[in-house]
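Below: one structure, written as structure tokens.
All of the numbers you see were taken from the coordinates with simple rules; none came from a lab. Keep in mind that this is a model prediction, so the values were computed, not measured. Here the Cβ is made from the backbone with ideal geometry for all residues, glycine too, and neighbour counts use every protein chain on show.
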Amino acid sequence: MQPVRSPRQSKIIDVVVIGDGIAGCLAALAARKRGANVVIIEKSQANVPHGNTAFCGGALRRVSTEYSAERYFADIMKVSQGEADDELTRITIRNSRRAKANLSRLGIRWTLPTSNPGRADSVVGKGARLAPTLRQAVRKAQIAILYRTAAKDICFSNGSLRGVTLRSRTATHTMPCKAVVIATGGFQADRKLVTQHIGASAHRLVLRGYKNSTGDGHRMAAKLGARLIGMDGYHGGMIHYGYKKYPVVGQERGMRSVKKYEPGILVNRLGKRFVDEGEDTADKTYAKFGRMIALTQPGGIAYLILDSSWKDHVNPMYEGPEKGPVEAKSIGELARKLNIAPAKLLATVDRFNTAARDGTHAQMTPPKTNFAYPIEQPPFYAYAVTGGMTFTFGGIQINSKAEVVGTTGASIPGLYAAGEVTGGFFYHNYPAGSSLTRCAVFGEIAGRNAAAFARKNANLNTKKRSTQAAQKT
């Protein structure tokens, strides 16, 4: 797709959107629909897959007849331990069906609805299809996208927004504008910010998200006095331990998480269990467990242990390397192949098997609340897993209008944010598909309100000029 020609630089733009992922594109389209002239700034190249939207699984969690708004809200509050912003969460849920309908009108197609309430709908073709469809819609709306152009600063003067300082391959200049939507994504690709906010052990996390998500929006907003919240959280998952490269669209094998670990147990290098593998279904725990492995377990590695009765159930959902799991005829042999003391792993498996057989598995330490099946049918298998990081949870605080909130608690006039650059939505854990929903809902809200702000300011300036002219006469 070729970018639309840039507008004349002397023209004051109504709304500048920084970032062309799902939140940015939907913000731009919403603003354009309301009559605003809009420009999108994107530091990546055109015609090359970029942004987390292009690499996502395309899952969108929404309300349905089988999955009520109350249950959706309860799921988010459960995994966030009650810390998710109540108002923003309810707005996301209330608009979740509309978000899907809006995407459908843009040409997005969906797989058949799942029979499991609470599981997200999925885009046909995943993010690799979602991203270009959104950009095609932007182009159709005659919205300019300036590729290979980075936003460096958002400029204010006397409390009023004046423009955005841009840096391209050849020049640096300021684009005058009336409102700005920050949709730059997370900071997962900036190791300095990651270790600063998530912890020293965060260097172990394998980047599953896009390599250009380096916290640009966070920095620009913070310089203007924006409040950043929840900066120590992130979404990731369990991935193959040997995976050490950035994702490539169409070559995601090995990048994604282990999606069916409930029937087995997770042990660390010491041969000890450390988590309740049956706490909930995988779509509600995989991010939490990936974090625990990378940040709290020795060497940032763990092993999923199971027997032959579950291997066929798990293996198709494990998108690891072609060599597959480690296999052994006994638990002792498996331990030796994993460089774990055999006595330690044997003791762990024996203790678990006893609890699974006599029904005390929910009372053991750590418990296995559900899916407790004895590991006793050889051969035995082990999958080496670590934690990956897809996007960061923390970011700019916004209100119900997607206005950026300053450290004083007041909104910053003309400044909006949406998508993964915002905080307050997710803490500790993440229900699969809810981030895409959040991005879609608040992208539209940000664009709509940015356009209204630009229009209001234009009307005020017109009245001011008319008053000044009348006074002169």
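Inter-part distance, the stretch 56-110 to the stretch 148-165, computed on C-alpha centroids, equals 33 Å. Only helices enter this figure: runs of n ≥ 4 DSSP H residues, each worth -39500 (n - 2.57), summed and divided by the residues of the chain, yield -11000 deg cm²/dmol at 222 nm to the nearest 500.
Compute the separation of the alpha-carbon centres of the stretch 384-401 and the stretch 178-214 and state it in Å as a whole number. What the calculation gives is 9 Å, centre to centre. Close amide H partners of A417, meaning residues 5 or more places away or on another chain with modelled amide H under 5 Å apart, are I182, V404.
Taken about its Cα centre, the chain carries a charge dipole of about 2380 debye when Lys and Arg each add +1 at the Cβ and Asp and Glu each add -1 at the Cβ.
Note: the chain, Cα convex hull, 149 Å³ per residue.
Residue order for R62, R97, fewest other beta carbons within 10 angstrom first, comes to R97, R62. Inter-label distance, Q142 to S201: 5.6 nm, where each label sits 7 Å from its Cα along the C-beta direction.
Computed 3J(HN,Hα) for the stretch 196-202, one whole-Hz value per residue from the Karplus formula 6.51 cos²θ - 1.76 cosθ + 1.60 where θ = phi - 60°, is 5, 9, 9, x, 4, 6, 5, glycine and proline marked x. Considering only beta bridges that DSSP places wholly inside the chain, some 70 percent are antiparallel. Amide H to amide H distances under 5 Å link N212 with G51, where only residues 5 or more positions off or on other chains count and H is placed in the peptide plane. The 3J(HN,Hα) values that the Karplus relation (6.51, -1.76, 1.60; θ = phi - 60°) gives for the stretch 292-300 are, in residue order, 4, 5, 5, 9, 10, 9, x, x, x Hz. Gly and Pro appear as x. Between V164 and C155, M175, C177, the built amide H atoms are under 5 Å apart, and every one of these is 5 or more places off in sequence or on another chain.
Ordered by the number of other Cβ atoms lying within 10 Å of each residue's own Cβ, fewest first, D312, D350, D283 fall into the sequence D312, D350, D283.
Using only alpha carbon pairs under 8 Å that are at least six residues apart, calculate the relative contact order of the chain and give it in whole percent.
24
When only Cα pairs below 8 angstrom with a gap of at least 6 residues are kept, the stretch 50-206 shows a relative contact order of 20 percent.
Here the Karplus curve 6.51 cos²θ - 1.76 cosθ + 1.60, taken at θ = phi - 60°, turns the phi angles of the stretch 389-396 into couplings of 10, 9, 8, 8, 7, x, x, 5 Hz, with x standing for Gly and Pro.
The residue among H240, A294, Y427 whose Cα reaches farthest toward the positive pole of the charge dipole of the chain, with charges on the beta-carbon of Lys, Arg, Asp and Glu, is Y427. Neighbours of G264, meaning other residues whose beta-carbon lies under 11 angstrom from its beta-carbon, give a summed charge of +1 when Lys and Arg score +1 and Asp and Glu score -1.
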